[in-house]
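Input: a single structure, listed below in structure tokens.
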Amino acid sequence: MTKRLFIHGLAIAGLLASAAVPASAADTITVASWGGTYQEAQTKAFFDPTAKELGITIKQDTTNGLDDVRLQVTGNAVKWDITELGADECARGSKEGLFEKLDYNVIDKTGINPKLVHDDWVGISYTSVVLIYRTDVFGDKGPKTWADFWNVEKFPGRRALSGSQATETVSVAALAKGIPIDKVYPVDIDGALQSGRQDQGSYRCLVDLRRTGHAARQGRRGRYGQASGTAAPAH
């Protein structure tokens, strides 16, 4: 099955004017992640053991992405200490100055890929973006490649696309049009959105989906569209 790997990162989200307080000295910190079974696993693996080790309380919330962080910081109403975002959102948030700097004299980065260590965020996990389809619609002859995903004549039906990670959709669109995997990045997001470039390169397929009415936003992951029967192929 065709898949792509993406990095998720943790970022310290706070007003730059606020005083940084070491976690070990705090009574309570609030962490925001993506909810569901994913956050349940994080709770067992990270949050509960850390709270016990440091003798603190870790409260939890859920996030919808960088927009939540931006609203809290610009509105001077920060309620989270740590949040998880996609690496692309971490990069944008860092450029916008939304995060506090990390003190690597306190944080042990031993064993972490240096490419994942940044001034104000650090990568913590890799996730796979895979192509899935409904066997009750296509049997065992469903779409197998990203080019198939955009072939609405051979594989009719609404598509479910990521609602919060645009780079995932644009990246697999590039692969669908035959761009070599080592040429996909940096992702030309602006090129995908500018109507003046609709007929150029890998992004024609994105425009085609919009024109044919086969695109369906399904939140962060297309499996919900699969389960509800509103999407045939999804990623």
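The values are calculated or read from the model by the stated rules, or taken from the named source; none is laboratory data. Predicted model, so just to flag it, every value in this text is computed and none were measured. Cβ sites come from the backbone with ideal geometry, for glycine too, and all protein chains shown count toward neighbours. Accessible surface is based on the protein model in full, side chains and every heavy atom, while ligands, DNA and RNA are left aside. Shrake-Rupley method; radii C 1.70, N 1.55, O 1.52, S 1.80 Å.
The figures follow:
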| read-out | value |
| --- | --- |
| Condition met for Asp61 (of a type in the set (D, E, K, R) and surrounded by fewer than 16 Cβ atoms within 10 Å (Cβ to Cβ)) | yes |
| Complete set of residues in segment 77-100 that are in contact (Cβ under 8 Å) with a residue 60 or more places away in the chain and more than 19 Å from Thr62 (Cα to Cα) | Ser94, Gly97, Glu100 |
| Positions within segment 94-127 being open to solvent by 80 Å² or more (accessible area, probe 1.4 Å) and of a type in the set (Phe, Trp, Tyr), in sequence order | Tyr126 |
| Matching option when the condition is modelled with pLDDT under 90 and either among the hydroxyl-bearing types (Ser, Thr, Tyr) or open to solvent by 30 Å² or more (accessible area, probe 1.4 Å) (or both), among Ser33, Ser18 | Ser18 |
| Only one of Thr28, Thr83, Thr43 that is in contact with a helix residue (DSSP H, G or I) (Cβ under 7 Å, 6 or more places away or on another chain) and either closer than 21 Å to Thr167 by Cβ or open to solvent by less than 70 Å² (accessible area, probe 1.4 Å) (or both) | Thr83 |
| For Glu89: the one exception among (1) open to solvent by less than 20 Å² (accessible area, probe 1.4 Å); (2) at pLDDT 90 or above; (3) closer than 20 Å to Gly35 by Cα | (2) |
| Sole exception among (1) modelled with pLDDT under 85; (2) under 25 Å from Asn64 (Cα atoms); (3) over 16 Å from the mean Cα position of the chain (by Cα) for Ala174, by number | (2) |
| Residue check for Thr50: without any contact (Cβ under 8 Å) to a residue 60 or more places away in the chain and open to solvent by less than 50 Å² (accessible area, probe 1.4 Å) | no |
| Those helices (runs of 4 or more DSSP H) lying entirely in segment 22-133 with at least 1 residues more than 30 Å from Thr145 (Cα to Cα) and of a type in the set (Ser, Thr, Tyr) | 48-54, 66-74, 87-95 |
| One residue from Pro156, Pro143 being in contact with a helix residue (DSSP H, G or I) (Cβ under 6 Å, 6 or more places away or on another chain) and either in a loop (DSSP other than H, G, I, E, B) or not hydrophobic (A, V, I, L, M, F, W, C) (or both) | Pro143 |
